[in-house]
């Protein structure tokens, strides 16, 4: 039987490299932009305009329209994709609905806007702060609930707290991976974090925990069946018995996401890309982070977590 968990130090080093790269990107983004990753109007106060002209218009002409309303540094992005000819997205500081309507009229005077293509979304400072706070609270509550649930579900297994702690650690691993990915794509592609990102975060957390619990449940069964077998051998056997199911479940979802990335609309691609990377990380962490961490903890290989 192939001993998969014996290479756990390599897995830990690889995870540390990936997470370290993401943290470096977040630090760079924090220094240059004031945020760990570019935040959309869902998480900060501001207004986002999306519109499509019936004829070509230059970026400088659009900027001039906004400058006339005292908005000196708008973020102007040309939208690309099927059916997005002469389409633009502009992000500004928060403006009132009346001022937004006046800006829309000025843009229409610059060049006729296509009917039904203009969208204006505004978030006040208080709403942006509330959304940000709710995101962190949701993640914290999810971690606490999962820890308590696993401790109760695995109470018949020796040291059930370890299972909950390792599952939460794997979840945090995946969240750090997608946070780093958001920072990198923000710098390279100009993608911003919006409300869909929070949806992706919670979805990734759920998939990660599901995979981890499947493996842990098999470990619990094998401990009861093989009481005289070494713990490392039991854990390795459990991983090999469940790895096919984990990969099959995740790969089916990933194939769908790849299809959406290739043929879907431009507005949903950031969300699908984050979800794809998160699920890829979740599949990895459930097998190569949570389970090896259990073995390392049991064998006293973690200095701060010596076995009791």
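Between residue 169 and residue 120, the modelled labels are 5.2 nm apart [label points 7 Å from Cα along Cα→Cβ]. For the residues 198, 30, 262, a GNM of the chain with alpha-carbon springs under 10 Å puts the largest fluctuation on 262. Using C-alpha pairs under 8 Å with a sequence gap of at least 6, the mean separation divided by the residue count of the chain gives a relative contact order of 24 percent. Rounded to the nearest 0.05, the FRET efficiency derived from the C-beta distance between residue 263 and residue 155 at R0 = 35 Å is 0.15.
Counting beta carbons within 10 Å around each of 283, 203 and listing the fewest first gives the order 203, 283. When you count the other C-beta atoms within 10 angstrom of each residue and take the mean per peptide, 142-152, 96-106 line up highest first as 142-152, 96-106. Between residue 230 and residue 133, the modelled label-to-label distance comes to 5.3 nm, taking each label 7 Å out from Cα in the direction of the beta carbon. Adding -39500 (n - 2.57) for every DSSP H run of four residues or longer, then dividing by how many residues the chain holds, sets the calculated 222 nm ellipticity at -22500 deg cm²/dmol. Panel order for 211, 109, by other beta carbons found within 10 Å of each beta carbon, from fewest to most: 109, 211. By the beta-carbon count within 10 Å of each Cβ, the least crowded to most crowded order of 31, 123, fewest first, is 31, 123. Give me the angle, in degrees from 0 to 90, between the Cα long axis of helix 269-285 and the longest principal axis of the Cα atoms of the chain, rounded to the nearest 10. Approximately 10 degrees, to the nearest 10. Working from label points 7 Å from Cα in the Cα-to-Cβ sense, the residue 243 to residue 78 distance is 4.8 nm. Extension gain, residue 221-residue 254: 0.36 nm per intervening residue step, less the Cα-Cα distance, totals 9.0 nm. Rounded to the nearest 10 degrees, the angle from helix 195-225 to the longest Cα principal axis of the chain is 10 degrees.
Compute for the range 46-123: radius of gyration divided by Kirkwood radius, i.e. Rg/Rh, restricted to C-alpha atoms, rounded to two decimals. Could the numbers behind the result be given before it?
On the way: Rg = 11.4 Å, Rh = 12.4 Å.
Using only Cα positions, Rg/Rh for the range 46-123 is 0.92.
Tilt of helix 231-263 relative to the longest C-alpha principal axis of the chain, in degrees (0 to 90, nearest 10)? The helix 231-263 is inclined about 20 degrees to the chain. Reported to the nearest whole Å, the Cα centre-to-centre distance from the range 85-164 to the range 225-246 is 41.
Across all Cα atoms of the range 183-308, the radius of gyration (one decimal) and Dmax (whole number) stand at 18.0, 56 Å.
Extension gain, residue 299 to residue 54: 0.36 nm times the residue separation minus the Cα-Cα distance gives 81.4 nm.
Rule-based calculations on the coordinates, nothing more; no lab input. Remember, it's a predicted structure, so these values are computed and weren't measured experimentally. Cβ atoms come from the backbone with ideal geometry, glycine included; neighbour counts cover every protein chain shown.
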